[in-house]
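Data first, discussion second: the structure below is written as structure tokens.
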Amino acid sequence: MADIRLEGVGHSYDGGRTWALKPMTWTWRSGRAYALLGPSGCGKTTLLNIISGLLTPTTGRIWFDDREVTTVPTAGRDIAQVFQFPVLYEEMSVYDNLAFPLRNRKYPKAEVDRRVRRVSGMLGLDDHLRRRSRRLDPGRQQIVSLGRGLVRSGVAAVLLDEPLTVVDPAMKWTLRSTLKEIHRDTGHTFIYVTHDQTEALTFADEVVVVKDGEIVQAGEPTELFLSPAHEFVGHFIGSPGMNVLPAEILDGLVRVGRAAVGRAVGDLPAGPVRIGIRPEFAVLDSAGSTPGVAGRVTGVDRMGSYDLVHVLVNGHDEPPPAERDGPPPTERTTGRTTGRTTGRSDQDGNAGHPLVVKTEAGSRFEPGDAGFVRFAADRAFLFRDAVRCGTVAPLNGRGEE
Ligand SMILES: Nc1ncnc2c1ncn2[C@@H]1O[C@H](COP(=O)(O)OP(=O)(O)OP(=O)(O)O)[C@@H](O)[C@H]1O
Ligand SMILES: [Mg+2]
């Protein structure tokens with residue numbers, strides 16, 4: 001086992017015109033369970049193939065601890081790789097398929113048997129050991145492939161490229177926890193590729209988020225949730241993802257429309273930014289009760305254990321008059337807004353910004369209600385060019401002008 005260090009590693013499939021993987025420097029620490037998370041085409045498989053030696057990077061160097069392996073072929077790297085679809089010898093029995101990587105490396109017979117039976121037990125293959133692999137369904141074949149990747153000892157890393165795609169959903173949960181167990185048990189470095197956030201978050205000690213061939217953030221699941229460093233991480237992790245709204249920094253205050261939502265923290269010049277707030281950390285109050293961004297409820301999804309309240313915030317410093325429990329209409333809010341708002345603009349025709357607020361189940365909000373959205377202290381972040389550039393601290397006192 002070793003730390004796997006990528007030094008300026010990048011890959012282009014078209015002679016440098018575009019980069020499937022932009023040159024990156026990054027270390028996979030020995031013994032950790034990583035999830036490599038990102039949308040289709042972001043470069044996950046390319047990255048794995050570079051680590052295993054199936055692909056030589058266009059640029060950069062790869063080190064396993066102090067040993068440079070950039071040009072070392074797969075066989076010399078001692079990496080176990082499991083692919084998205086079954087890779088096995090169809091005419092061999094399940095037992096022989098599992099034993100193959102061990103026999104190939106001259107493990108003693110008794111050790112082969114011990115290891116095969118252990119992996120088979122953990123993956124639920126005991127009843128199939130004598131069967132020809134060709135006779136298994138694709139899901140079971142994939143589990144055998146998984147076993148082939150897990151059967152050896154002392155590998156530099158186990159690379160798993162969306163290994164559960166063809167496995168039936170009911171088995172997925174079990175296998176994910178089995179994989180976690182095997183990781184704990186063997187202490188091998190695991191890099192588990194997925195584009196499914198649940199899979200990533202439940203499996204990994206550390207989630208590495210990739211977008212367009214670049215690592216945009218890596219961290220523990222909680223860190224990615226609570227402190228996204230990139231708008232994409234905010235969107236991709238969380239259900240639903242982070243709300244992002246246009247905002248502005250003026251005199252040290254962050255404003256959404258005319259409403260001040262907090263103090264800008266960071267080395268931030270005045271001007272436009274984007275503010276990100278997760279649905280969990282946005283609070284919707286009835287109109288008039290507290291300062292915040294004025295808006296109108298456009299829909300409520302009753303999810304059972306929580307509600308998702310969709311709000312169109314208009315950036316005015318007061319909402320349109322509420323249909324109930326609100327203050328009386330004022331000149332500025334026109335009094336023409338008693339109807340239900342369903343579109344993306346308020347009744348004055350001003351464009352609004354949709355935002356989702358997560359509340360406890362059975363919230364009293366209904367479509368058409370007016371309200372103020374407040375952002376929980378220290379849970380809103382500022383972004384420029386999608387990258388986090390600052391945070392938002394609570395206002396001292398009220399947030400109104
Ligand atoms: N052999 C190849 N030749 C040319 N382009 C390729 C090749 N393999 C991948 N690419 C391109 O490189 C980029 C990254 O591909 P890669 O397969 O690494 O993405 P991925 O994150 O694994 O996607 P998926 O989730 O769909 O498996 C994509 O734009 C893809 O089209
Ligand atoms: Mg892939």
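The values are calculated or read from the model by the stated rules, or taken from the named source; none is laboratory data. Note that this is a predicted model, so its numbers are computed, not measured. FYI the Cβ positions are ideal-geometry reconstructions off the backbone, even for glycines, and counts take in every protein chain you see.
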With the structure loaded, tell me whether Thr70 is touching a residue at least 24 places away in the same chain (Cβ under 8 Å), surrounded by fewer than 21 Cβ atoms within 10 Å (Cβ to Cβ) and more than 16 Å from ligand 1 (Cβ to nearest atom) or whether it fails that test. no
Give segment 262-288 a look and list any residue that's outside any strand (DSSP E or B) and of a type in the set (Gly, Ala, Ser), or say none. Gly266, Ala270, Ala287, Gly288
Scanning segment 226-246 residue by residue, those in contact with a strand residue (DSSP E or B) (Cβ under 6 Å, 6 or more places away or on another chain), among the small types (Gly, Ala, Ser) and under 19 Å from Pro354 (Cβ atoms) turn out to be Gly234
From Val193, Val166, which residue is surrounded by fewer than 20 Cβ atoms within 10 Å (Cβ to Cβ), under 25 Å from Leu136 (Cα atoms) and within 15 Å of ligand 1 (Cβ to nearest atom)? Val166
Residues of segment 32-50 satisfying the condition of being buried (at least 17 other Cβ atoms within 10 Å of the Cβ) and either on the phi > 0 side of the Ramachandran plot or within 12 Å of ligand 1 (Cβ to nearest atom) (or both): Leu36, Leu37, Gly38, Cys42, Gly43, Lys44, Thr45, Thr46, Leu47, Leu48, Asn49, Ile50
Can we say Pro246 is in a strand (DSSP E or B) and surrounded by fewer than 17 Cβ atoms within 10 Å (Cβ to Cβ)? yes
Hey, can you tell me all the residues within segment 161-174 that are out of contact with any helix residue (DSSP H, G or I) (no Cβ under 7 Å at 6 or more places or on another chain) and at pLDDT 90 or above? Glu162
Between a first residue in segment 40-53 that is closer than 14 Å to Thr70 by Cβ and a second residue that is near ligand 2 (Cβ under 9 Å from one of its atoms) and of a type in the set (D, E, K, R), which pairs have beta carbons less than 9 Å apart while being 6 or more apart in sequence or on different chains? Asn49/Asp161
